[in-house]
Amino acid sequence: MRYTYIRSPFGRILLAGDPSGLRHISFLSGKKQLIPHPEWKQDGPFFQEAAEQLHAYFTGNLARFTLKLAPRGTPFQLKVLWAVQEIPYGQTTTYGALAKYLGKPKAYRAVGAANAHNPLPIVIPCHRVIGSDGRLTGYGAGLKTKQALLALERANRPLRQGERPGRYASYEALRQHETEGVDYRIQVREAPSPFAVMALHGGGIEPGTLELADAVAGREHAFYAFEGKKPKGNRALHITSTSFDEPRALRLARKSAVVVTLHGCEGMEDVIYLGGRHKPIKARIKAQLQKRGFAVKETPKSSLRGAHSLNICNRGQAGRGVQLEITHSLRKKMFAGLRKSSRKNRTGTFHGFVSALREALSKSTSALAGDSKPFH
């Protein structure tokens, strides 16, 4: 058996195979990483074609692999793996649908088990198999990786480190199970401004973020909000920022030079975590917030940094934006309480935050006229 290592957006990946074909792909950061046997021979040139095709996939330039594969497994496991290869790029299916396709509609658990033992992830795209309710399910390299692979295929753009997974992998998956106007509401307000201010997880999802984004946008800047309206269980409506593909949000982002998103995060400290890729505007926002006494930090959590190119805050015309994560403790001090009725009563902390952001955006507007950084 021969093996080599290649670099990927998810760290190093082990490739192993022999003249019969590619036998293993293993994420070194995953729970099921493969350790080369002492008798195996390291041979980079042997895997040149596989490395080139994987690189093309990760950069959005390859939708179907043409490699010689030699996975091992029971006849049923191999039958499942060949069926998984037929799932089109950028689409998903369920374990139940796969079982029906194989003529064994009651064998969805066995299909799931075979999928879990896929020795050639990515090339045999088991990440395209999700739960019957649209939720992401287990993946050997972790749900963040599965989420990012699905986001890459939907957007067909270069991939970087992903974000935490949500219940729904896309807006389409959410829409199939939730009703607009009943379970959630979408608000859009356009304005002749270079900025779009968005609350992707408003209402009962991350309480207080919609009200803050609405006030920051005012009538000067464009505004978007996705509002959870369920009596309970609104967190189920959370679509991660890298996978947020609701068409009206994407349309508004493409029309705007810079997108600023407001989010809520857990935390007992009164802190605002500042992320995103637009360093000059981040610096102005930080200065204005600190001027009004707010604690502003860079988050140690990669999932809150907003650095992913597919994060909607970075999908404006400039290709870089700003993401603010406001802790639960601080949001609570901005209102009489975080219940829906209490959020109508805003405190001085609320108005101080809004004024700081509006001042920072005002100072940034003229600077954007000379911003020549291209989109992606």
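Of everything in region 20-66, what is of a type in the set (Val, Ile, Thr) and either out of contact with any strand residue (DSSP E or B) (no Cβ under 7 Å at 6 or more places or on another chain) or not assigned by TED's automatic domain parsing to the domain that holds Ile124 (or both)? Give them in sequence order.
If the condition is that a residue be of a type in the set (Val, Ile, Thr) and either out of contact with any strand residue (DSSP E or B) (no Cβ under 7 Å at 6 or more places or on another chain) or not assigned by TED's automatic domain parsing to the domain that holds Ile124 (or both), then Ile35, Thr59, Thr66 are the ones that fit.
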Seminar exercise, completed: Checked region 250-282 for anything over 22 Å from Ala360 (Cβ atoms), part of a helix (DSSP H, G or I) and touching a helix residue (DSSP H, G or I) at 6+ places or on another chain (Cβ under 9 Å); matches are Leu250
Problem set entry | helices (runs of 4 or more DSSP H) wholly inside region 47-121 containing at least 2 residues that are under 21 Å from Gly21 (Cβ atoms) and within 27 Å of the chain's Cα centre (by Cα) | 48-58, 75-84, 108-116
Exercise. Is there a residue being touching a residue at least 12 places away in the same chain (Cβ under 8 Å), assigned to a loop (DSSP other than H, G, I, E, B) and over 24 Å from Phe350 (Cβ atoms) anywhere in region 207-220?
Worked result: no
For this session: Among what's in region 127-145 and is closer than 24 Å to Glu325 by Cβ and over 10 Å from the mean Cα position of the chain (by Cα), pick the residue that is modelled with the lowest pLDDT.
Result: Arg135
Exercise. In this structure, is Leu361 modelled with pLDDT of 95 or more, assigned by TED's automatic domain parsing to the domain that holds Ala225, of a type outside the set (S, T, N, Q) and more than 19 Å from the chain's Cα centre (by Cα)?
Worked result: yes
Exercise. Of all residues in region 166-182, how many are outside any helix (DSSP H, G or I), modelled with pLDDT under 85 and surrounded by fewer than 18 Cβ atoms within 10 Å (Cβ to Cβ)?
Worked result: 1
Problem set entry | Tabulated pairs, region 80-92, first assigned by TED's automatic domain parsing to the domain that holds Val111, second hydroxyl-bearing (Ser, Thr, Tyr), C-beta under 9 angstrom, 6+ apart or interchain | Ala83/Tyr101; Val84/Thr93; Glu86/Tyr101; Ile87/Thr93; Thr92/Ser170
Problem set entry | Hits in region 68-92 - residues which are touching a Ser or Thr at 6+ places or on another chain (Cβ under 7 Å) and either crowded, with 19+ Cβ neighbours inside 10 Å or modelled with pLDDT under 85 (or both) | Ile87
Exercise. Does at least one position in region 294-302 carry a residue that is in contact (Cβ under 8 Å) with a residue 40 or more places away in the chain and among the aliphatic types (A, V, I, L, M)?
Worked result: no
For this session: Would you check which residues across region 93-106 are surrounded by fewer than 20 Cβ atoms within 10 Å (Cβ to Cβ) and either of a type outside the set (A, V, I, L, M, F, W, C) or touching a Leu at 6+ places or on another chain (Cβ under 9 Å) (or both) and list them?
Result: Thr93, Thr94, Gly96, Lys100, Tyr101, Gly103, Lys104, Pro105, Lys106
Seminar exercise, completed: Checked region 221-245 for anything more than 17 Å from His328 (Cβ to Cβ), under 22 Å from the mean Cα position of the chain (by Cα) and not in a loop (DSSP other than H, G, I, E, B); matches are Phe223, Tyr224, Ala225, Phe226, Glu227, Ala236, Leu237
For this session: Might you let me know whether region 299-306 holds any residue that is within 27 Å of the chain's Cα centre (by Cα), on the phi > 0 side of the Ramachandran plot and buried (at least 16 other Cβ atoms within 10 Å of the Cβ)?
Result: yes
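The values are calculated or read from the model by the stated rules, or taken from the named source; none is laboratory data. Since the model is a prediction, treat every value here as computed from it, not as a measurement. Don't worry about glycine lacking a Cβ; one is built from the backbone with ideal geometry, like all the others, and counts go over all protein chains shown.
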